[in-house]
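Encoded as structure tokens, the structure appears first; notes follow it.
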Amino acid sequence: MSLRTISIIVPTRCRPKQLARLLDLLSEQRLPSGVDMEILVAVDAEDVVSIAPVIAKSSVTGDVVTPGRVGISAAKNAAVQQARGDILLLLNDDVEPDADFVAQHVAAQHDGHAIVLGSSPWKSHDNPTL
């Protein structure tokens with residue numbers, strides 16, 4: 001299997017801080033040679049004003065998909081329809097991936113795994129809120 005592009009689908013709804021953190025961490029990914037990634041941010045909201053500055057500041061390349069307030073699954077599906085990658089990686093906007101996160105998924109796909117589920121330990125924050 002020869003991978004050229006991995007499409008990362010990120011649904012979000014009015015969570016600019018979490019999205020900004022994720023995009024920063026994705027910009028630091030160590031990708032295997034010859035592999036590119038595209039980021040598709042699927043905004044599940046009528047108004048994208050809260051995340052527009054986050055996208056503008058981000059150094060990752062990709063597109064913003066704006067299907068409206070349709071729910072997380074429909075937002076993901078809208079982004080999947082626009083994805084150009086050889087494989088898809090779906091992430092929530094509050095995930096904090098290590099620098100080799102994408103490379104590990106690419107390696108697992110290369111080894112013949114059709115579906116990859118990684119470890120996602122719960123992270124405690126100071127002053128947590130519901």
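Summary of values
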quantity	calculated
Cβ-based net charge around T61, under 9 Å, with every Lys or Arg adding one and every Asp or Glu removing one	-3
Span from the the stretch 72-130 Cα centroid across to the the stretch 1-32 one, whole angstrom	8 Å
Using distinct alpha-carbon pairs, which all enter the 1/r mean, Kirkwood radius of the stretch 1-74 in Å	13.0 Å
All-pairs alpha carbon distance profile, the chain, 5 Å steps from 0, percent	2, 10, 20, 23, 20, 14, 7, 2, 0, 0
Rounded tilt (10° steps) of 101-110 against the dominant C-alpha axis of the chain	40 degrees
Cα-based helix-to-principal-axis angle, 72-82 vs the chain, degrees rounded to 10	50 degrees
Extended-chain gain in nm, criterion 0.36 nm per residue less alpha-carbon gap, D63 and A99	10.8 nm
Under 13 Å, Cβ to Cβ, from D44 - net charge with Lys/Arg +1 and Asp/Glu -1	+1
Angle in degrees between helix 16-27 and the longest Cα principal axis of the chain, rounded to the nearest 10	20 degrees
Protein accessible area in the stretch 1-95, 1.4 Å probe - carbon and sulfur %	48 percent
Solvent-accessible heavy-atom area per residue, rounded to whole Å², over the stretch 39-84 at 1.4 Å	55 Å²
Cβ charges +1 (Lys, Arg) and -1 (Asp, Glu), total dipole of the stretch 78-118, debye	260 debye
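The values are calculated or read from the model by the stated rules, or taken from the named source; none is laboratory data. Not measured: the values here are computed from a predicted model. Methodologically, a virtual Cβ is constructed for each residue, glycine included, from the backbone with ideal geometry; neighbour enumeration extends over all protein chains shown. The protein model used for the area step is the full one, side chains on, heavy atoms only, and it has no ligands, DNA or RNA in it. Shrake-Rupley method; radii C 1.70, N 1.55, O 1.52, S 1.80 Å.
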